[in-house]
Amino acid sequence: MSYSRLDKLKDRAKKTLKRTLDSHITLAVTGLSGSGKTAFITALVHQLSEQASEQNMPFFRVVREGRHIATQPVPQKALNIPTFAYRQAMAALNQQPPAWPESTQRINTLRLAMRYRPKQGLRAQFGDSATLTIDLIDYPGEWLMDLPMLNMDYPTWCERQLTMLNKAARSEHAQDFMTALHEFDANAEVDEVRLKELSELYKKALVNIKAHAHAANLQPGRMLIPGELEGAPLLSFFPCHAPKQGEQHTQYQQLEARFEAYKAQVVKPFYKDYFCHFDRQVVLVDLLRALKLGPDIFDEQAEAITELLSFFDYGKSNVLRRLFSPNIDKLLFIANKADQVGANYHQDLALLLHDIVKEKANSLTFSGVEVDTMAMAAVCATQGKQVVEKGQSLHCVYGKPLHESQWLTYLPPQPPRHRLTAQQWPQQGFDYIDFAPWPHSDGRLRHMRMDHALEFLLGDKLT
Ligand SMILES: Nc1nc2c(ncn2[C@@H]2O[C@H](COP(=O)(O)OP(=O)(O)O)[C@@H](O)[C@H]2O)c(=O)[nH]1
Ligand SMILES: [Mg+2]
């Protein structure tokens with residue numbers, strides 16, 4: 001064998017080995033609708049691909065140690081779903097006046113390739129650079145709320161929905177549906193027109209509850225954001241009371257069949273295709289908005305989050321595990337949009353989030369998942385400002401409130417460090433302000449602790 005051939009072979013072996021040493025992560029960014037998933041993904045891509053300097057990300061070791069070479073979006077593997085509209089999101093944030101990216105209407109994905117210099121081990125021996133591929137998935141948060149449906153049969157689901165519709169925060173928005181339901185005969189022969197009418201009224205109720213009561217736990221999620229299912233008969237169902245005696249071909253059975261079809265054809269594939277392959281998970285929670293909306297919505301959101309988590313708690317035998325056996329090894333809870341309060345309250349936010357998720361976090365840790373909780377802001381919309389009043393230094397935030405033209409210095413209330421009972425809830429409530437995005441004049445975005453989050457989520461894969 002000639003020397004050059006041996007060299008070539010060695011070279012090829014090295015390349016093959018290097019390829020196997022390159023690693024891959026699928027990061028699930030989860031959170032209720034409006035929790036900041038789209039902004040988080042946009043900021044993550046922006047910070048890694050355009051702003052990965054030691055000064056900007058001191059807690060992300062690969063960057064601090066000068067080993068990050070470059071990160072950029074690359075063609076994705078799944079060809080049947082749209083690509084995350086990163087450029088559009090950045091364009092919105094940088095337009096005049098700056099605007100938040102549009103809310104998500106469909107599932108979409110983005111693949112990032114991160115090139116870095118390995119520090120130790122095999123990777124370092126077999127080349128001066130390695131690649132970490134990161135798959136990110138974005139989807140409407142409304143669809144996530146369908147997950148608990150997998151655990152319910154139609155009668156259970158109906159009972160839950162009707163109980164919720166009768167609650168104070170919701171009932172006034174569901175009047176028309178409830179009146180029509182009162183006259184609905186679940187035992188009658190199937191009447192397509194009637195079923196459609198009631199589904200439309202139920203959908204209107206969900207839309208109203210979302211718009212006015214800001215509730216997040218609304219099912220089915222596709223009634224709010226239908227995606228490709230716009231107008232599909234599969235969506236024509238609603239909760240109703242079980243008839244006294246069952247008969248063949250009744251409206252009730254028809255509704256039950258549609259409910260089961262929705263679960264089988266919409267909910268299951270969504271989670272099977274996108275949620276069973278992920279390695280690591282971020283759960284974004286907008287605690288400030290939940291606090292602002294008052295005790296009922298706060299509790300509802302806290303419960304919705306813990307309910308969702310039970311699907312990812314793979315230590316136990318639950319539906320998702322049996323169906324798809326997800327295999328995550330790290331989970332990060334983020335109290336998002338922390339820029340809406342002064343830095344002195346970030347600890348309170350993280351503690352409050354911990355209080356909500358601690359039981360689930362504990363059982364996840366027990367099953368070997370590394371869990372952490374932090375407060376951060378993916379896209380900073382304010383700047384901290386110290387104001388001295390009567391000799392006291394106050395931690396205010398300065399920014400432009402959303403949809404207003406005047407800039408404002410605001411002293412936000414201190415968030416509680418644990419869940420409050422109805423009696424503990426302060427009478428004046430918690431008034432936090434939504435701010436318009438505020439990028440630098442050169443288009444750079446500011447973040448709070450994105451580097452901490454990335455170190456937790458990716459750091460061990462970049463050594
Ligand atoms: N102050 C602040 N507001 C944010 C941040 N991220 C998101 N928001 C606000 O939250 C809204 C919803 O964010 P979005 O990313 O669309 O949430 P999604 O529904 O989970 O994708 C945005 O329109 C902003 O008003 C952040 O980091 N800081
Ligand atoms: Mg979104």
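The values are calculated or read from the model by the stated rules, or taken from the named source; none is laboratory data. Only a predicted model underlies this, so the values are computations on that prediction, with no experimental measurement involved. FYI the Cβ positions are ideal-geometry reconstructions off the backbone, even for glycines, and counts take in every protein chain you see. To get the accessible areas, we keep the full protein, side chains included, count just its heavy atoms, and leave off ligands, DNA and RNA. Shrake-Rupley method; radii C 1.70, N 1.55, O 1.52, S 1.80 Å.
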*How much FRET efficiency would the formula 1/(1 + (r/R0)^6) give for Ser367 and Glu404, where r is the Cβ-Cβ distance and R0 is 56 Å, rounded to 0.05?*
0.75
*Can you work out the FRET efficiency for the pair Lys77 and Ala188, with r the C-beta to C-beta distance and R0 = 45 Å, to the nearest 0.05?*
0.35
*Evaluate the distance, in nm, between pseudo-label points positioned 7 Å from the Cα of Lys358 and of Ala91 along their respective Cα→Cβ axes.*
4.8
*Counting only protein heavy atoms, what percent of the accessible surface of the chain is carbon or sulfur at a 1.4 Å probe?*
50
_Could you tell me the calculated FRET efficiency between Gln424 and Glu303, based on Cβ-Cβ distance and R0 = 22 angstrom, to the nearest 0.05?_
0.80
*asked:* Along the charge dipole of the chain, pointing to its positive end and built from +1/-1 on Cβ of Lys, Arg, Asp and Glu, which listed residue (Ala242, Tyr274, Phe430) has its Cα farthest out?
replied: Tyr274
*P(r) for the stretch 147-272: what percent of alpha-carbon pairs falls in each 5 Å bin, starting at zero?*
2, 11, 21, 25, 22, 14, 5, 1
*asked:* If you average the C-alpha positions of the stretch 242-306 and of the stretch 431-454 separately, how far apart do those two centres end up, in angstrom?
replied: 31
_I need the phi-derived Karplus couplings for the stretch 409-420: 6.51 cos²θ - 1.76 cosθ + 1.60, θ = phi - 60°, integer Hz, Gly and Pro marked x._
9, 10, 9, x, x, 6, x, x, 8, 8, 5, 9
*Can you give the net charge of the other residues whose Cβ lies under 14 Å from the Cβ of Leu195, counting K and R as +1 and D and E as -1?*
-4
*222 nm mean residue ellipticity, helices alone, for the chain (DSSP H n ≥ 4; -39,500 (n - 2.57); rounded to 500)*: -11500 deg cm²/dmol
*Where the centre of each part is set by its Cα atoms, how far does the stretch 20-73 sit from the stretch 173-241, in angstrom?*
40
*asked:* What distance in nm lies between label points placed 7 Å from Cα along the C-beta direction at Ser441 and Glu197?
replied: 6.2
*Would you mind working out the accessible area per residue for the chain, using a 1.4 Å probe, and quoting it in Å²?*
48
*Taking 0.36 nm per intervening residue step and subtracting the Cα-Cα distance, what contour gain separates Ala261 from Glu172 on full extension?*
29.0 nm
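Restrict the search to the stretch 220-300; then list the trypsin sites (Lys or Arg not before Pro) that DSSP places in a loop and that have at most 13 other Cβ atoms within 10 Å of their Cβ.
Loop-located and lightly packed - Lys244.
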*Diagonalise the Cα gyration tensor of the stretch 344-463 and give the resulting equivalent ellipsoid semi-axes, square root of 5 times each eigenvalue, largest first, whole Å.*
29, 23, 13
*Peptides 401-409, 336-344: what's the order by average Cβ count within 10 Å, highest mean first?*
336-344, 401-409
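Among 414-422, 157-165, 132-140, how do they line up by average Cβ neighbours within 10 Å per residue, starting with the highest?
On the way: 414-422: 14.8, 157-165: 17.8, 132-140: 21.7.
Most protected by this proxy first, the peptides run 132-140, 157-165, 414-422.
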*Using modelled backbone amide H atoms (1.01 Å from N, in-plane), which distant-in-sequence or interchain residues come within less than 5 Å of Cys380's amide H?*
Arg446, His447, Met448
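What do the square roots of 5 times the Cα gyration tensor eigenvalues come to for the chain, in whole Å, largest first, as semi-axes of the equivalent ellipsoid?
Gyration-tensor ellipsoid for the chain: 41, 31, 20 Å.
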*Sort out for me the Cα centre separation of the stretch 81-118 from the stretch 355-394, rounded to whole Å.*
25
